[in-house]
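Colleague: One structure follows; several queries about it will come next.
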Amino acid sequence: MLPPFRLARPRTLDEALDAIGDDRVPYCGGTELLLAMRAGLTRPEALVDLKSLPELQGIAVDGGHVVVGGTERHMDIAAHSVIRKHLPMLARVEHGVGNARVRAQGSIAGNLCFAEPKSDVGPALMAFGASVTLASPTGRREVTVEELIQGPYFADKEPDELLVDVRVPIPSTATRGAYLKYQITERPTVGVAVVHDPEAGTCRLVVGAVGEVPTVWTGTSPDEIDPDAIAEEVDPTPDLTGTERYKRHITGVYVRRVLEQLADVKAGK
């Protein structure tokens, strides 16, 4: 049973910012929040429904970025023509998030703000060098997704802030990305994302799910990546899906496999 709470339905972003606070929690899909409430892990005084706010909706190209509104759902992001054109790897990741219920209800902002360690979306966005816009009654600030996710279930977001949108730099036409995950439950045990832009001379590889926060490696080329070294760098969390030693092993395996997948993407296979 859910604990009792009040429900607020603001009509504008300003009204929403006035409505949220320490015990007045914003929500859109509620896929993680409602589970936490049922488990007694959180008892907010009020929930603030963001689903109808036009300022948090839409997917578009703006100033060299793909901008995704915070309330956009995973299934809609996966199918959107702008995402499929400019960020095909992200489209594939969103298509495989959780289960059908999560994809149909869950929002990208909710996913990032909940900071679930076993997330597909956070590592993929980090590999693209994405950032988010946070709005509060006193103004706006922009932080990278890497900065936003501070720890397990802890995001760098104040109670009076809302995640308005996600901004992903549009990759060059030569850029290629790949994502691969291993899972024995609904959530991944390890997920590896890599994005290589040969024109800019950048390569970002992110290992998620295996530890409390994703591990980010930055270089110039996939050829510089040593899977065994990455496996030693990660900080695995032992749990029912594997020991520390096992998780290091599968990290190395999946880093190798995602690099092979990236090579296939570049070859047009």
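The values are calculated or read from the model by the stated rules, or taken from the named source; none is laboratory data. All values derive from a computational prediction rather than experimental measurement. A quick note on method: Cβ atoms are made from the backbone with ideal geometry, for glycine too, and the neighbour counts reach across all protein chains shown.
Colleague: Quick one: residue 83 ticks every box in (1) in contact with a helix residue (DSSP H, G or I) (Cβ under 8 Å, 6 or more places away or on another chain); (2) under 26 Å from residue 237 (Cα atoms) except a single one, so which number is it?
Modeller: (2)
Colleague: Right, something else. List pairs: first in the range 125-152 and among the basic types (Lys, Arg), second not in a loop (DSSP other than H, G, I, E, B), Cβ under 7 Å, 6+ apart or cross-chain?
Modeller: Going by the 7 Å Cβ cut-off, the qualifying pairs are 140/133; 140/134; 141/134.
Colleague: If you go through the range 207-228 one residue at a time, how many are aliphatic (A, V, I, L, M) and assigned to a loop (DSSP other than H, G, I, E, B)?
Modeller: Step one: filter the range 207-228 for residues aliphatic (A, V, I, L, M), giving 207, 209-210, 213, 216, 225.
Checking which are assigned to a loop (DSSP other than H, G, I, E, B) leaves us with 209-210, 213, 225.
Number satisfying all stated conditions: 4.
Colleague: Quick one: which of 47, 34 is surrounded by fewer than 19 Cβ atoms within 10 Å (Cβ to Cβ), in contact (Cβ under 8 Å) with a residue 24 or more places away in the chain, over 17 Å from the mean Cα position of the chain (by Cα) and not assigned by TED's automatic domain parsing to the domain that holds residue 187?
Modeller: Result of the check over 47, 34: 34.
Colleague: Another one. Among (1) over 30 Å from residue 24 (Cα atoms); (2) at pLDDT 95 or above; (3) charged (D, E, K, R), which single condition is residue 199 missing?
Modeller: Condition (2) is where residue 199 drops out.
Colleague: Taking residue 142 and the conditions (1) over 25 Å from residue 265 (Cα atoms); (2) within 12 Å of the chain's Cα centre (by Cα), which numbered condition does it fall short on, given that it satisfies the others?
Modeller: (2)
Colleague: Let me ask something else. Looking at the range 229-269, which of the residues that are outside any helix (DSSP H, G or I) and hydrophobic (A, V, I, L, M, F, W, C) is farthest from the chain's Cα centre (by Cα)? Full working, then the answer.
Modeller: We begin by selecting, within the range 229-269, every residue outside any helix (DSSP H, G or I); these are 234-243, 267-269.
Remaining after also requiring hydrophobic (A, V, I, L, M, F, W, C): 234, 240, 267.
Numbers: 234: 19, 240: 23, 267: 27 Å.
Checked the range 229-269; the qualifying residue farthest from the chain's Cα centre (by Cα) is 267.
Colleague: Can you tell me which residue in the range 13-23 is farthest from residue 48 (Cα to Cα), limited to those that are outside any loop (DSSP other than H, G, I, E, B) and without any contact (Cβ under 8 Å) to a residue 40 or more places away in the chain?
Modeller: Within the range 13-23, the first condition is being outside any loop (DSSP other than H, G, I, E, B), and the residues that meet it are 13-19, 21.
After this cut, where a residue has to be without any contact (Cβ under 8 Å) to a residue 40 or more places away in the chain as well, the list is 14-15, 19.
On the way: 14: 13, 15: 10, 19: 7 Å.
In this case the residue turns out to be 14.
Colleague: Residues in the range 214-223 that are surrounded by 12 or more Cβ atoms within 10 Å (Cβ to Cβ) and of a type outside the set (Val, Ile, Thr): how many?
Modeller: 4
Colleague: Still on this structure, please answer the following. Checking the structure you have, find out if any residue of the range 84-92 is at pLDDT below 95 and either of a type in the set (S, T, N, Q) or over 18 Å from the mean Cα position of the chain (by Cα) (or both). Show your work before the answer.
Modeller: In the first step, residues of the range 84-92 are kept if they are at pLDDT below 95; the result is none.
No - not one qualifying residue is present in the range 84-92.
Colleague: Of all residues in the range 11-26, count the ones that are surrounded by fewer than 18 Cβ atoms within 10 Å (Cβ to Cβ) and touching a helix residue (DSSP H, G or I) at 6+ places or on another chain (Cβ under 8 Å).
Modeller: 2
Colleague: Would you mind telling me which numbered condition in (1) under 20 Å from residue 111 (Cβ atoms); (2) assigned by TED's automatic domain parsing to the domain that holds residue 126; (3) surrounded by fewer than 19 Cβ atoms within 10 Å (Cβ to Cβ); (4) not small (Gly, Ala, Ser) residue 148 fails?
Modeller: Going through the list (1) under 20 Å from residue 111 (Cβ atoms); (2) assigned by TED's automatic domain parsing to the domain that holds residue 126; (3) surrounded by fewer than 19 Cβ atoms within 10 Å (Cβ to Cβ); (4) not small (Gly, Ala, Ser), residue 148 breaks only (3).
Colleague: Still on this structure: What about residue 200, is it part of a helix (DSSP H, G or I), more than 22 Å from the chain's Cα centre (by Cα) and of a type in the set (A, V, I, L, M, F, W, C)? Lay out the reasoning, then the answer.
Modeller: On the way: part of a helix (DSSP H, G or I): no; more than 22 Å from the chain's Cα centre (by Cα): yes; of a type in the set (A, V, I, L, M, F, W, C): yes.
Answer is no for this residue.
Colleague: Next up: Tell me, yes or no, whether the range 225-245 has at least one residue that is touching a strand residue (DSSP E or B) at 6+ places or on another chain (Cβ under 8 Å), more than 21 Å from residue 152 (Cα to Cα) and hydroxyl-bearing (Ser, Thr, Tyr).
Modeller: No, because not a single residue in the range 225-245 is touching a strand residue (DSSP E or B) at 6+ places or on another chain (Cβ under 8 Å), more than 21 Å from residue 152 (Cα to Cα) and hydroxyl-bearing (Ser, Thr, Tyr).
Colleague: Within the range 229-260, which residues are crowded, with 20+ Cβ neighbours inside 10 Å, touching a residue at least 60 places away in the same chain (Cβ under 8 Å) and among the polar types (S, T, N, Q)?
Modeller: Result: 251, single match.
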